[in-house]
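Worksheet for the structure shown next.
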Amino acid sequence: MKIKHIVVGLALGAVLMLGSVSCGSNDPAFAPKTAAFTRLDPAQFATRMGDAHADVINVHVPYEGELENTDALIPFDRILGDPRLPRDKSSEILLYCRSGRMSEMAGEALAKAGYTNVSHLEGGMQAWEAAGKPIVHRPQKGDPASPR
């Protein structure tokens, strides 16, 4: 009977130990990586936008506004091969869209294409506005309200 209790105790201990390992930890070093680019909150994104060498790209379609100092408007699904992208794949690229979904897809595509310094605005322009930051609405070519 004692051997049976010992075996059951050892098995239970092994299960508990495996359960604690598989549940992981709150340490970011052990968090699974879902993409090869960085997710930034609005404050972090604003700070990075201050870097003169960063390329800030709005990938949202259709146009629903932009952040001040945006360098290019490139549709998320046409970003690869766009001539406005930096040739140096280690250049800093900051992506955003309305909700974060399109910029995440564009970031994944750029990372797979070998770009190594890509970040996106988590939550997009919606998070930007919620943080009290302004969105600019510029008339676009082909827009009936545009004077162009």
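All conditions in (1) in contact (Cβ under 8 Å) with a residue 12 or more places away in the chain; (2) over 15 Å from the mean Cα position of the chain (by Cα) hold for G124, with the sole exception of (2). A count restricted to the stretch 113-148 and to residues that are modelled with pLDDT of 95 or more, charged (D, E, K, R) and part of a loop (DSSP other than H, G, I, E, B) stands at 2. Just one of (1) surrounded by 15 or more Cβ atoms within 10 Å (Cβ to Cβ); (2) over 20 Å from M49 (Cα atoms) fails for P75. It is (2). Kindly provide the set of residues from the stretch 81-107 that are surrounded by 15 or more Cβ atoms within 10 Å (Cβ to Cβ) and among the polar types (S, T, N, Q), ordered by number. Residues satisfying the conditions are S91, S99, S103. Of the residues making up the stretch 60-99, those that are assigned to a loop (DSSP other than H, G, I, E, B), among the hydroxyl-bearing types (S, T, Y) and closer than 20 Å to G123 by Cβ are Y63, T70, S99. What do you reckon, is M102 outside any loop (DSSP other than H, G, I, E, B), without any contact (Cβ under 8 Å) to a residue 60 or more places away in the chain and not small (G, A, S)? Taking the combined requirement at face value, the residue satisfies it.
Among the residues of the stretch 55-65, is any touching a residue at least 24 places away in the same chain (Cβ under 8 Å) and surrounded by fewer than 16 Cβ atoms within 10 Å (Cβ to Cβ)? Yes. Scanning the stretch 45-87 for residues that are in contact with a Ser or Thr (Cβ under 8 Å, 6 or more places away or on another chain) and not aliphatic (A, V, I, L, M) yields F45, R48, H53, D55, N58, H60, F76. Restricting the first member to the stretch 75-99 and to residues that are at negative phi, and the second to residues that are in a loop (DSSP other than H, G, I, E, B) and of a type in the set (F, W, Y), the beta-carbon pairs closer than 6 Å and six or more apart or on different chains are K89/Y115.
The values are calculated or read from the model by the stated rules, or taken from the named source; none is laboratory data. A quick note: this is a predicted structure, and the numbers were derived from the prediction, not measured. So basically every Cβ, Gly included, is an ideal-geometry build from the backbone, and we count neighbours across all protein chains shown.
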